[in-house]
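Report on one structure; see the data block that follows.
Taken together, the values in this text are just the output of simple stated rules run on the coordinates, not laboratory data. Please read these numbers as outputs of a predicted model, since none were measured by experiment. Quick reminder, even Gly has a Cβ in these numbers, built from the backbone with ideal geometry, and neighbours come from all protein chains shown.
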């Protein structure tokens with residue numbers, strides 16, 4: 001039932017990721033590509049991934065700050081799918097030769113303890129359903145040339161998601177007020193950017209409620225055990241060979257990752 | 001332009017609210033040292049007129065700002081008692097040109113400290129108070145267009161400052177990662193954390209004391225140190241209400257024509 005071009009766009013993004021060769025913005029080929037159509041492309045590739053045996057382990061929320069939304073010409077956040085092979089262990093290396101043009105950002109990650117409803121999800125329901133929260137890195141990597149993306153491009157491209165790292169520290173929500181969770185993102189030992197979790201829709205819990213309600217529209221549910229990356233606390237940094245990145249968050253732990261270019265490819 | 005003329009030009013720009021073009025535009029040889037000489041002359045003149053030195057401010061303390069100007073050490077300016085605005089008070093536009101505001105952390109020592117080899121632990125042992133703060137900057141150059149020596153001569157754009165009431169010293173171990181939220185008219189416009197100031201605001205004092213020691217000066221007990229901007233600065237406009245918040249304190253200020 002999908003349009004022919006939905007499959008074509010899906011195939012081109014899939015091939016771009018596999019061959020690490022970015023494609024032209026979809027919105028330059030089809031200028032009227034809607035956000036709904038972009039989600040159909042994303043879903044097509046998510047189905048393909050699951051058929052190939054990749055395990056869906058959660059979702060990422062993006063475009064959570066007003067400034068970024070304005071930049072991409074959208075007025076609400078977007079989301080993408082997270083698969084098990086995107087999760088890197090903390091304190092390990094990320095192989096840049098597998099990626100195209102990666103960037104890194106610090107986010108609050110939620111690990112769910114209970115399923116959420118598929119509609120009308122409120123922050124209260126989210127708070128009751130969260131198992132724990134922790135500090136995370138999201139490594140984003142656009143399959144679109146030179147990151148020349150509009151809202152529909154990044155949505156079709158699975159929210160530009162690529163890899164992520166979770167801190168092993170488990171913090172209970174109990175008395176945590178996210179508006180005061182500060183973050184420092186360092187490169188090679190020097191703090192490059194800072195932020196506070198209030199940057200994410202005022203409170204990252206709002207981002208989890210948002211994605212739960214969005215998923216409901218596609219007949220999907222957030223399940224116990226799912227990981228939700230709730231959106232960046234500040235700007236993102238480019239990743240170069242040998243760079244060492246560290247992200248610290250108040251009470252939520254630390255994540256570290258080192259960049260290595262292990263292959264000749266790309 | 002002689003040094004004396006530069007001092008007069010900066011003072012006149014402030015009093016008449018008309019901005020200047022940067023000195024380095026016409027005098028490319030105008031150096032950082034020249035800039036500090038002008039800054040000191042302005043301070044001395046203020047003190048002769050009965051103003052009181054209340055402390056110092058550090059600039060270029062974030063990696064992003066250092067990259068912007070390709071200078072990898074912080075710069076300093078002075079604060080006068082008349083620049084301090086009470087928390088929840090009013091920032092007057094009538095005495096300023098095109099002011100901007102940015103949240104910071106302020107630190108006050110309880111003992112004098114000087115020396116070129118001062119370490120962070122020397123600072124920590126002498127802290128009287130740590131405060132949530134907001135700095136008002138106001139460049140005397142048109143559209144904030146200047147090079148480093150210019151902005152040093154212009155006292156690093158210093159114009160005003162507010163300190164919160166709560167002493168955050170008991171939370172020192174949380175200071176670096178204490179999230180800071182900056183709101184304009186209720187909307188979050190910036191967030192940051194004190195780690196953005198040289199990795200730790202304490203390091204900003206280390207740099208300040210070391211730099212003062214070059215002229216055999218030191219930091220005095222009770223002087224306020226603004227340790228460096230933690231977010232982008234925002235223009236302040238008539239009727240705006242800005243709010244700075246962290247876990248243990250918050251204050252606001254309104255803006256009046």
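Dividing the mean sequence gap of close Cα pairs (under 8 Å, 6+ apart) by how many residues chain B holds gives a relative contact order of 28 percent.
Using only DSSP helix segments of four residues or longer, with each worth -39500 (n - 2.57), what per-residue ellipticity at 222 nm results for chain B after dividing by its residue count and rounding to 500?
Mean residue ellipticity, 222 nm, calculated: -7500 deg cm²/dmol.
The mean number of partner chain beta-carbon atoms within 10 angstrom of a residue's beta-carbon across peptide A:194-207 is 5. Of the beta bridges in chain B, as assigned by DSSP with both residues counted there, near 85 percent are antiparallel.
From the square roots a ≥ b ≥ c of the eigenvalues of the alpha-carbon gyration tensor of the protein assembly as shown, which class results: rounded (a/c under 1.5), prolate (a/b over b/c), or oblate? Cα axes put the protein assembly as shown in the prolate bin. With n ≥ 4 as the cut-off for DSSP H runs, can you work out [θ] at 222 nm for chain A, using -39500 (n - 2.57) per run divided by the number of residues, rounded to the nearest 500? For chain A, the value works out to -8000 deg cm²/dmol. Shape class for region B:1-144, computed from the alpha carbon gyration tensor (a ≥ b ≥ c): prolate, with a/c not under 1.5 and a/b above b/c. The overall shape of region B:119-257 is oblate: from the C-alpha gyration tensor, with semi-axes ordered a ≥ b ≥ c, the ratio a/c is 1.5 or greater and a/b is no larger than b/c. A Förster radius of 22 Å, combined with the Cβ-Cβ distance separating residue A:177 from residue B:64, puts the computed FRET efficiency at roughly 0.20. Across peptide B:183-196, the average count of Cβ atoms from other chains found within 10 Å of a residue's Cβ is 6. DSSP finds beta bridges in chain A, and of those with both partners inside it, around 80 percent are antiparallel.
If you take the Cα centroid of region A:213-253 and the Cα centroid of region B:148-203, the two points sit 26 Å apart. Per-residue mean of foreign Cβ neighbours for A:184-192 is 4 (Cβ atoms of other chains, 10 Å radius). Bridge orientation summary for the protein assembly as shown: considering DSSP beta bridges with both residues in this region, about 85 percent are antiparallel.
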